[in-house]
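Since every read-out is calculated from the coordinates, none of them should be taken as a lab result. From a predicted model like this one, the values you see are computed outputs, not experimental measurements. For neighbour counting, all protein chains shown are included, and Cβ atoms are generated from backbone atoms with ideal geometry for every residue, glycine included.
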Amino acid sequence: MKEHWYIACRSRQLGKEPLARTVHGTALVLFRDQDGRAACLRDRCAHRNMALSRGKVTGKGLRCAYHGWTWAGDGHCADIPASCDGCESHAKLRVAAFPTVEKQGFVWIWTGAAEPGGAPLDFPRFDEAGWHHWVMERRFEGHAFHCVENFLDVPHTAHVHRGLFRGEETKEVEIEIRGGEDWIEAEFINEARMDSLIGRMLVPDGESIHHVDRFQLPYVTRVDYRMSERRQYIVMSQCTPVTETETRVYTYMAYRFEPLGALVRLAFEPISHLILNQDVKIIREQTKDIARDGGARFVYHETDAIARGIRALLDGKSLAHQAVERRKLRV
Ligand code: FES
Ligand SMILES: [Fe+2]
């Protein structure tokens, strides 16, 4: 899953100081050049291998804390302070630089071996009239696969998030499962309001909900709840693998809720943080328990809805020729 764009950090996190991040097990450093452009280098000075994230940003690039060698955003050595022959001696010295794109308030990087394919993901309804959004960030102590499974798993919500998201009382709902080259989704047909705080808040009139859970490669999940044209929610998470047991998750929450508009966030945001923290905890425990018992050996059941499809996509299989499937679930 390396040949994809991933979020390295939020734009607002990248100021005047270098920022260390690990992605796919590789230590990286991000910084802004003198024009404010975001850049990403391997976090290791080519000279004596100091972490460049210990250094300082100067007009020429990122200056190493040890001997002051300075690396430009494209990875070339821009200065060796102790050298007398100007640029000559260091023109060919390099550290690895990674393609970096900044958009919608995020800094995206490409650490794949191939040239970047396509553009980073667009978050939907960004800056659209009538819509509001905020972003939440969490460090999950678990593999990105376990995170995406969790974000698109409905049955756990009645247990891990009981009372907040779903209640004890469940109802039968029909789901339709569709897949494509690099995605799979489950549409919940005429789902009833959840028996919970979130249900009462987001679906005050008790309307039925149009709900779609979607996974797309590499590790992106999207949940759409639509009560009416004027009341809709989108929860989209982009998971950046840090290591095999750590994932940094950026969750984009967009909503339209008339006539309350932005005000609904006052209640919605703290509850969303509580729910997210419950998932952080359950994934941490799951990771520990899997490690204690010699690795994952999962059972896939029909109530896992799209989990088997997610696994297949991550294993490199396309779901483009898979027939549309209907089944029932109690949620
Ligand atoms: S280790 Fe970086 S300049 Fe020497
Ligand atoms: Fe959850």
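So how much slack lies between L263 and M50, counting 0.36 nm per residue of separation and subtracting their Cα-Cα distance, in nm? Walk me through the numbers on the way to the answer.
Working: separation 213, 0.36 × 213 = 76.68 nm, distance 4.79 nm.
Gain on stretching L263 to M50: 71.9 nm.
What is the chain's relative contact order, in percent, from Cα pairs under 8 angstrom and six or more apart in sequence?
Working: 698 pairs, mean separation 60.3, N = 331.
Dividing the mean separation by the residue count of the chain yields 18 percent.
E176 label point, 7 Å along Cα→Cβ, cut-off 11 Å on backbone N: hits in the range 282-320?
none
Assuming 0.36 nm per residue, please report the length gained on full extension of the stretch R12 to C87 beyond their Cα-Cα distance.
On the way: separation 75, 0.36 × 75 = 27.00 nm, distance 3.36 nm.
Going from the current span to full extension adds 23.6 nm.
Between the helical axis of 265-292 and the dominant principal axis of the chain, each derived from Cα atoms, what acute angle in degrees is found, rounded to the nearest 10?
Approximately 80 degrees, to the nearest ten.
Tell me, what HN-Hα J-couplings in whole Hz come from the Karplus equation 6.51 cos²θ - 1.76 cosθ + 1.60 at θ = phi - 60° for each residue of the range 189-197, using x for Gly and Pro?
8, 6, 5, 7, 4, 5, 7, 6, 4
Rounded, prolate or oblate: pick one for the range 5-110, where a ≥ b ≥ c are the square roots of the eigenvalues of its C-alpha gyration tensor, a/c under 1.5 means rounded, and failing that, prolate if a/b is larger than b/c, else oblate.
Details: a/c = 2.02, a/b = 1.76, b/c = 1.15.
Verdict is prolate for the range 5-110.
With the Cα gyration tensor of the chain giving a ≥ b ≥ c as the square roots of its eigenvalues, does the rule (a/c under 1.5 for rounded; else a/b larger than b/c for prolate; else oblate) give rounded, prolate or oblate?
On the way: a/c = 2.41, a/b = 1.92, b/c = 1.26.
Prolate.
Pop out the ³J(HN,Hα) list for the range 105-111 in order, Karplus 6.51 cos²θ - 1.76 cosθ + 1.60 with θ = phi - 60°, rounded to Hz; leave Gly and Pro as x.
Taking θ as phi minus 60°, the curve returns x, 10, 9, 9, 10, 10, 10 Hz for the range 105-111.
Only four residue types carry charge here, +1 at the Cβ of Lys and Arg and -1 at the Cβ of Asp and Glu. Report the dipole size of the range 5-110 about the Cα centre in Debye, rounded to the nearest 20. Kindly include the intermediate steps, with their values, before the conclusion.
Details: 16 positive and 9 negative charges, 74 e Å.
The dipole magnitude comes to about 360 debye.
Straight-line reach from K56: which lysines fall under 17 Å, measuring Cα to Cα and dropping same-chain residues less than 8 apart?
Partners found: K16.
If the only charges are +1 at each Lys and Arg Cβ and -1 at each Asp and Glu Cβ, what is the size of the charge dipole of the chain around the Cα centre, to the nearest 20 debye?
1000
Which value at 222 nm does the chain reach when only helices count, each DSSP H run of 4 or more adding -39,500 (n - 2.57), with the total divided by all residues and rounded to the nearest 500 deg cm²/dmol?
Working: 5 runs with 54 residues, N = 331.
Computed mean residue ellipticity for the chain: -5000 deg cm²/dmol.
If you take the charge dipole of the chain about its Cα centre, with +1 on Lys and Arg Cβ and -1 on Asp and Glu Cβ, which of H24, H273, A254 is farthest toward its positive end?
Towards the positive end, the residue furthest out is H24.
Can you classify the range 116-160 as rounded, prolate or oblate using the Cα gyration tensor, where a ≥ b ≥ c are the square roots of its eigenvalues, rounded means a/c under 1.5, and otherwise it's prolate if a/b beats b/c and oblate if not? Please report the intermediate quantities before stating the final value.
Working: a/c = 2.33, a/b = 1.39, b/c = 1.67.
Oblate, because a/c is 1.5 or more while a/b does not exceed b/c.
Going 7 Å from the Cα of A114 along its beta-carbon direction, which residues of the range 238-261 have the amide nitrogen within less than 20 Å of the resulting point?
Taking a point 7 Å out along Cα→Cβ of A114, the residues of the range 238-261 whose backbone N falls under 20 Å are 241.
Using DSSP to call loops (not H, G, I, E or B), can you name the GluC sites (Glu not before Pro) in the range 197-274 whose Cβ has at most 16 other Cβ atoms within 10 angstrom?
Details: sites: E207, E229, E244, E246; in loops: E207, E229, E244.
Here the GluC sites (Glu not before Pro) that fit, given the DSSP loop and packing criteria, are E207, E229, E244.
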